[in-house]
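*Asks:* I have a structure I would like to understand better, so I am pasting it below and will then ask my questions one at a time.
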Amino acid sequence: MGRMAHFSARWAHMLGPQMTGFLVINPRSGDARPTALELETAARRLGIDTHVLETRDDAAEVSRGAEADALGVAGGDGTLASIAAVAVERDHRAVADGGVSIDEIASLLDA
């Protein structure tokens, strides 16, 4: 199974047919390849709403404003902790991968 198919299957298994997902992308995590735009585009192709964090954005507040059944993160430990806390608050599912850097999430998307 290719990396994109693996990522798609993971979200599909977690979300189910009637659920929605929201991916927070921290472009300051990892290196510049792939870009946040490439990652955002790949996620949106899967039907996942996204938000690329800007310098003054608070990851937790962005996640709290999302109308989604599951939260995902492409970022470092701080971003992951913020998203995980919101997932617990809202009793939502959360998706992260490995070391949770933007590079690792992107490798699953083949971005």
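*Asks:* At a Förster radius of 25 Å, what calculated FRET efficiency corresponds to the Cβ-Cβ distance of R64 and L37, to the nearest 0.05?
*Replies:* So, using R0 = 25 Å, E works out to roughly 0.55.
*Asks:* Using Cβ counts within 10 Å as a stand-in for footprinting exposure, how do V62, V24 rank, fewest first?
*Replies:* V62, V24
*Asks:* Separate question: State log₁₀ I(q)/I(0) for the stretch 34-99 at q = 0.26 Å⁻¹ as given by the Debye formula over alpha-carbon point scatterers of equal weight, solvent excluded.
*Replies:* With one equal scatterer per Cα and no solvent, log10 I(q)/I(0) is -1.35.
*Asks:* Now for a separate question. Label-point separation (nm) for D49 and A81, each offset 7 Å from Cα along Cα-to-Cβ?
*Replies:* Output for this residue pair reads 2.7 nm.
*Asks:* Highest mean first, what order results for 48-59, 73-84 on Cβ atoms within 10 Å?
*Replies:* 73-84, 48-59
*Asks:* What residues have an amide H closer than 5 Å to that of V52, excluding those fewer than 5 places away on the same chain, when H is modeled at 1.01 Å from N in the peptide plane?
*Replies:* I25
FYI, it's all coordinate maths here, none of it is from the lab. Keep in mind that what you see is a predicted model, and the values were worked out from it rather than measured. Please note: Cβ atoms are built from the backbone with ideal geometry, for glycine as well, and neighbour counts cover all protein chains shown.
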